[in-house]
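What follows is a set of notes on a single structure, which appears directly below.
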Amino acid sequence: QTRGDDLLVQTIFYPFEMYACRREGVSLQVVVNGPEYFAPTYGTTHVVDSSAILNGDKLHVFATNRSLTETAPIEIHLTDGQLKSLESGELLTGPAPDTANTFEQPNVIQPKSFDAVKFVNGTATFELPPLSLAALTFQL
């Protein structure tokens, strides 16, 4: 977005970029177990939402924690295979659901490097903060 000579990278750009950089491969069916809530428009909905893409020996995982206050413990394991290491990770989070970058505060929401992932027997675990999106690439 522009205003005169000023350029603002809108908040929605970052999730789009995080997904676009990890778009190659085959979409996998993801199973989410965890807390749920009722949304008037969508009915019963998981607090954590996720998707995954398999691209050769890499697994791209996206996880969103919709909770306003609770950190979500995340465990990622494959039915057929093991996660060896984290190749890259980004975390996007903010203090409130309506937080957005503005011309006055252009850097309120920006992705940060994320590597707080632990591995045990081919399974990855990490804590996902409230109101956050993680985009992770694992080596299989």
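Does SER132 satisfy being among the small types (Gly, Ala, Ser) and under 19 Å from ARG66 (Cα atoms)?
yes
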Pairing a residue in the stretch 42-59 that is exposed (fewer than 12 other Cβ atoms within 10 Å of the Cβ) with any residue that is among the polar types (S, T, N, Q), where Cβ atoms lie under 7 Å and the two sit 6 or more apart in sequence or on different chains, gives ASP57/GLN139
Log entry, pairs with first residue in the stretch 99-115 being closer than 20 Å to GLU127 by Cβ and open to solvent by 100 Å² or more (accessible area, probe 1.4 Å), second being part of a strand (DSSP E or B) and of a type in the set (A, V, I, L, M), beta carbons closer than 9 Å, six or more apart or on different chains, reads LYS112/LEU91; LYS112/LEU92; SER113/LEU91; ASP115/LEU86
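Limited to the stretch 91-120, what total is found for residues that are of a type in the set (Ser, Thr, Tyr) and closer than 27 Å to ASP5 by Cα?
Total meeting the criteria: 2.
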In the set THR123, THR79, THR71, the lone residue that is under 29 Å from VAL9 (Cβ atoms) and not basic (Lys, Arg) is THR71
Every listed condition ((1) open to solvent by less than 50 Å² (accessible area, probe 1.4 Å); (2) touching a residue at least 40 places away in the same chain (Cβ under 8 Å)) holds for THR71 save (1)
Given the conditions (1) small (Gly, Ala, Ser); (2) modelled with pLDDT of 95 or more; (3) open to solvent by less than 70 Å² (accessible area, probe 1.4 Å), every one holds for SER27 apart from (3)
Among the residues of the stretch 62-106, the number that are within 18 Å of GLU36 (Cα to Cα) and of a type in the set (Val, Ile, Thr) is 4
| Test for THR64: is it exposed (fewer than 11 other Cβ atoms within 10 Å of the Cβ) and either within 14 Å of the chain's Cα centre (by Cα) or under 24 Å from LYS112 (Cβ atoms) (or both) | no
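The values are calculated or read from the model by the stated rules, or taken from the named source; none is laboratory data. Model, not experiment: these values are computed from the prediction. Counting neighbours? That spans all protein chains shown, and the Cβs are built from the backbone with ideal geometry, glycine included. Accessible surface is based on the protein model in full, side chains and every heavy atom, while ligands, DNA and RNA are left aside. Shrake-Rupley method; radii C 1.70, N 1.55, O 1.52, S 1.80 Å.
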